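Enquirer: Below is a structure I'd like to ask you about.
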Amino acid sequence: DTLYLVDPPVSDLDKRRIQKAAVEACESIGCEGASRVDMIFTPLHEVQVLEVNSIPGMTERSLFPKAARAAGIEFPVLCDRLLQTAFKRRKSFPGWAAAAMF
């Protein structure tokens with residue numbers, strides 16, 4: 001019996017602190033594209049990063065699509081955005097067109 005809160009009842013300041021910790025965790029290990037950060041927010045308002053999931057799940061029960069849905073992004077749109085982001089990133093690499101042929 002696990003309860004997942006996509007939009008927890010915390011102050012705007014705490015939300016910004018939590019988001020900042022997530023971004024810093026991803027940037028510190030060089031994540032690109034989609035990732036999910038698991039954290040604990042303590043009763044003392046401490047943010048503790050548990051892990052960064054660099055390949056988040058994409059099934060009906062996965063947290064990444066649930067978070068996107070909570071932000072108003074439905075699954076087909078999420079998939080399209082991920083693909084478009086990957087194509088843009090790939091084009092920035094030298095020789096991407098030749099690599100795409102194989």
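Enquirer: Of the conditions (1) loosely packed, with under 13 Cβ neighbours inside 10 Å; (2) out of contact with any strand residue (DSSP E or B) (no Cβ under 6 Å at 6 or more places or on another chain); (3) of a type outside the set (Val, Ile, Thr), Asp14 clears all except one; give me its number.
Expert: Asp14 satisfies every listed condition except (1).
Enquirer: Restricting the stretch 1-54 to residues that are assigned to a strand (DSSP E or B) and in contact with a Pro (Cβ under 8 Å, 6 or more places away or on another chain), which is nearest to Ala67 (Cα to Cα)?
Expert: Arg36
Enquirer: Do you know which of the residues in the stretch 47-63 that are surrounded by fewer than 10 Cβ atoms within 10 Å (Cβ to Cβ) and more than 15 Å from the chain's Cα centre (by Cα) is farthest from Ala25 (Cα to Cα)?
Expert: Step by step, filter the stretch 47-63, then rank; the result is Glu60.
Enquirer: Let me ask something else about it. So which residues in the stretch 64-89 are open to solvent by 50 Å² or more (accessible area, probe 1.4 Å), among the hydrophobic types (A, V, I, L, M, F, W, C) and outside any loop (DSSP other than H, G, I, E, B)?
Expert: The answer is Ala70, Phe75, Val77, Leu82, Leu83, Phe87.
The values are calculated or read from the model by the stated rules, or taken from the named source; none is laboratory data. This is a predicted model, so every value here is computed, not measured. Glycine also receives a Cβ, built like all others from the backbone with ideal geometry; neighbour counts cover every protein chain displayed. Just so you know, the surface numbers come from the protein's heavy atoms only, side chains and all, with ligands and any DNA or RNA stripped out. Shrake-Rupley method; radii C 1.70, N 1.55, O 1.52, S 1.80 Å.
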